[in-house]
Amino acid sequence: MKTNWFKLALAVLAAITILLLPQASPAQTASKGKIAVVVSTLNNPWFVVLADTAKARAVELGYDATIFDSQNDTAKEASHFENVIAGGYKAILFNPTDANGSIANVEKAKAAGIPVFCIDREINSTNAATSQMLSDSYSGCVKLGQYFVKTVGKQGEYAELLGIVGDNNTWNRSKGFHSVVDRYPGLKMVAQQSGDFDRAKGLEVMESILQAHPNIKAVFCGNDAMAMGAYQALVTAGKDKQVKVFGFDGADEVVKMIAEGKIAATGMQFPKTMARKSAEFADEYIKGERDFPQKVPVPVELVTPENVAKYGDYGKK
Amino acid sequence: MAAVRWFIAIVVLAGICWLFPIFHVVPLKTVTAEKAAETFDATQFADNFWTNQLVPAISKSVKADVLLPAIQADPAAAKKKFSRSVGLSESYFYFLSGTGRVVAVSDDEISLAITSGSTNAEVSLQAGLIFGDAIRDGTGLLNASDYPNSQDFNDISAALDHIVETRVLPALHAQAKIGATVSFAGCAEVDDESTDLKPLKVIPVQAEVR
């Protein structure tokens, strides 16, 4: 009997040991390697969608994918690149923090043999990244500018909230908008300040603009996060019916606010399309493809109360 | 002796500094001029592009009397055969040329009938304020990948639109009367396949009224 108890204990112990052993998931077993998703910030739902979609598509394609949040800080971004290079990643899906400041990071990765695919934001170099999938912010804001004139009119004061000053998208959006609006001398921009693409900063800047310029008819915001902040400031000031808010991004919350008549319009940027396509480019690269267009413009569509039903979930329904 | 040694040391140090200066003093004007030379001049670029590439390329554009019947017959086939698009865009461009008869005139457009005997506006030459990228992207002669900073590429668009407004439209407005014949070349941007192409809206790069 003693022997039997001993055998039984051994069997139970063996079973428990087997159960406790770390099991490889099917995805891990079949993994083709690691892909890094380095994103400028996760403090904005739009970028969360961008990063999550890139990661999800990379996983679908058979890779282990990890998201690195640069928190809009080039030093943090540089540190992520060091870790990614040391960590044996096969590709980087990259949303840069700074068009100039991020070039060195991409060049380091390239020197280490790791391809970098920029998403949404560009770097000011055409020979560092393997490819750059970029929202056509300028054209999108030309359309927004035309709609702005149509809805606000050709006379009146307005304000502009710029994004991060070092980011090309900030200026592509601003220039596209002004390429239209500046042609109407009756439309006077009385304030132009940076809200750093941030909702809280957008609210704060809008509050101070309203104090100095209580008669503005509209505000053009370089992204939807700032547009939501600006709208919040307008509600607090009791001016949300007086001032039309224009955003840019196509954030789900703003699309809903357009349907509710709270925000006038936005530009839909299709973050999911860009993120998925970039992950597919990385997969093609890893499989041996080397011929990629340096810049792939992705169109931006105007979302207004007239066509808002066609849009949602960060894209076209 | 010590004074001599100091003197020699200073002379040697001065000599080294003369041969290998620690810093250079450059007039601010020179720096500004050098910086300006490095800055991309979109207006100059657009001017050269217009003369040396765009106008010569008109001979390769699709003829309006070929394109319009093709669009009527099968828009998808016409798009496939004659258009070009950029990146992942649903929108696409036609680069076309032809001759038409003026059937309507307004501040913003000159409407042309292309088909013989037709009185319908088949092409609308855009003649108001010109916006967008139709001229830059409509011919395929310029590629975003060639420009490290997309702001430069976008500035080209604005500069080309400005040339249309200043070189093409004034004469068109002055001479295009109903019944006049206009030979034109230009670019049309089509948002997607649901866009109404009657008439086809063309931003003119060339328009001669007879």
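Please go through (1) surrounded by fewer than 24 Cβ atoms within 10 Å (Cβ to Cβ); (2) in contact with a helix residue (DSSP H, G or I) (Cβ under 7 Å, 6 or more places away or on another chain); (3) β-branched (Val, Ile, Thr) for residue A:235 and return the number of the only condition it doesn't satisfy.
Just one mismatch for residue A:235, condition (2).
Could you pull out every one of the strands (runs of 3 or more DSSP E) wholly within the range A:103-183 that has 1 or more residues that are more than 10 Å from chain B (Cβ to nearest Cβ) and among the charged types (D, E, K, R)?
On the way: elements: A:116-120, A:131-135, A:156-162.
In the range A:103-183, A:116-120, A:156-162 are the strands (runs of 3 or more DSSP E) which contain 1 or more residues that are more than 10 Å from chain B (Cβ to nearest Cβ) and among the charged types (D, E, K, R).
Yes/no per residue for (1) more than 20 Å from the chain's Cα centre (by Cα); (2) modelled with pLDDT of 95 or more:
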residue: A:135; (1), (2): no, no
residue: A:141; (1), (2): no, yes
residue: A:149; (1), (2): yes, yes
residue: A:157; (1), (2): yes, yes
residue: A:167; (1), (2): no, no
residue: A:192; (1), (2): yes, yes
residue: A:217; (1), (2): yes, yes
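On the given criteria, is residue B:172 modelled with pLDDT of 95 or more, assigned to a helix (DSSP H, G or I) and either buried (at least 18 other Cβ atoms within 10 Å of the Cβ) or within 14 Å of chain A (Cβ to nearest Cβ) (or both)?
On the way: modelled with pLDDT of 95 or more: yes; assigned to a helix (DSSP H, G or I): yes; either buried (at least 18 other Cβ atoms within 10 Å of the Cβ) or within 14 Å of chain A (Cβ to nearest Cβ) (or both): yes.
Answer is yes for this residue.
Residue check, residue A:89 against (1) within 20 Å of the chain's Cα centre (by Cα); (2) aromatic (Phe, Trp, Tyr); (3) part of a loop (DSSP other than H, G, I, E, B), all met but one. Which one?
Unmet for residue A:89, out of (1) within 20 Å of the chain's Cα centre (by Cα); (2) aromatic (Phe, Trp, Tyr); (3) part of a loop (DSSP other than H, G, I, E, B): (1).
Please work out if residue A:293 is within 11 Å of chain B (Cβ to nearest Cβ) and part of a loop (DSSP other than H, G, I, E, B).
Values: within 11 Å of chain B (Cβ to nearest Cβ): yes; part of a loop (DSSP other than H, G, I, E, B): yes.
So residue A:293 passes the test.
When both residues are 6+ apart or on different chains and their Cβ atoms are under 6 Å apart, which pairs have a first residue that lies in the range B:55-77 and is on the phi < 0 side of the Ramachandran plot, and a second that is in a helix (DSSP H, G or I)?
Partner pairs satisfying both residue conditions: B:62/B:82; B:67/B:82; B:70/B:78; B:71/B:78.
Having 1 or more residues that are modelled with pLDDT of 70 or more and surrounded by 14 or more Cβ atoms within 10 Å (Cβ to Cβ) is the bar; report the helices (runs of 4 or more DSSP H) wholly within the range B:1-70 that clear it. Quick ask: steps written out before the conclusion?
Numbers: elements: B:2-19, B:28-38, B:42-49.
It comes to B:42-49.
Does the range B:90-103 include one or more residues that are without any contact (Cβ under 8 Å) to a residue 40 or more places away in the chain and out of contact with any Lys or Arg (no Cβ under 7 Å at 6 or more places or on another chain)? Explain how you work it out, then say what you get.
Of all residues in the range B:90-103, those without any contact (Cβ under 8 Å) to a residue 40 or more places away in the chain come to none.
Among the residues of the range B:90-103, not one is without any contact (Cβ under 8 Å) to a residue 40 or more places away in the chain and out of contact with any Lys or Arg (no Cβ under 7 Å at 6 or more places or on another chain), which makes the answer no.
Return the pair list, or none, for Cβ contacts closer than 6 Å from residues in the range B:145-169 that are at the interface with chain A (Cβ under 8 Å from one of its Cβ atoms) and closer than 20 Å to residue B:51 by Cβ to residues that are polar (S, T, N, Q) and in a helix (DSSP H, G or I), at least 6 apart or on different chains.
Close Cβ pairs satisfying both conditions: B:158/A:179.
Scanning for something over 16 Å from residue A:295 (Cβ atoms) and either surrounded by fewer than 22 Cβ atoms within 10 Å (Cβ to Cβ) or among the charged types (D, E, K, R) (or both), does the range A:127-144 turn up at least one residue?
Our first condition is that a residue be over 16 Å from residue A:295 (Cβ atoms); within the range A:127-144, this holds for A:141-144.
This time we only want the ones that are either surrounded by fewer than 22 Cβ atoms within 10 Å (Cβ to Cβ) or among the charged types (D, E, K, R) (or both), so: A:143.
Yes, because at least one residue in the range A:127-144 is over 16 Å from residue A:295 (Cβ atoms) and either surrounded by fewer than 22 Cβ atoms within 10 Å (Cβ to Cβ) or among the charged types (D, E, K, R) (or both).
Go through (1) of a type outside the set (Ser, Thr, Tyr); (2) closer than 30 Å to residue B:143 by Cα; (3) within 17 Å of the chain's Cα centre (by Cα); (4) not in a strand (DSSP E or B) and name the single condition residue A:226 misses.
Only one criterion is unmet by residue A:226, namely (2).
Just one of the numbered conditions (1) within 14 Å of chain B (Cβ to nearest Cβ); (2) under 16 Å from the mean Cα position of the chain (by Cα) is not true of residue A:254; which one?
Every listed condition holds for residue A:254 apart from (1).
Go through the range B:91-106 residue by residue and tally those that are within 14 Å of chain A (Cβ to nearest Cβ) and loosely packed, with under 14 Cβ neighbours inside 10 Å.
Applying the first criterion (within 14 Å of chain A (Cβ to nearest Cβ)) to the range B:91-106 yields B:91-93.
Among the residues that remain, those that are also loosely packed, with under 14 Cβ neighbours inside 10 Å are: none.
Residues meeting the conditions: 0.
Just for the range A:258-284: of the residues that are part of a helix (DSSP H, G or I) and in contact with a Phe, Trp or Tyr (Cβ under 7 Å, 6 or more places away or on another chain), which one is farthest from the other protein chains (Cβ to nearest Cβ)?
Only one residue tops the list, namely A:282.
The values are calculated or read from the model by the stated rules, or taken from the named source; none is laboratory data. All values reported here derive from a predicted model rather than from experimental measurement. As a convention, Cβ positions derive from the backbone with ideal geometry for all residues, glycine included, and neighbour counts pool all protein chains shown.
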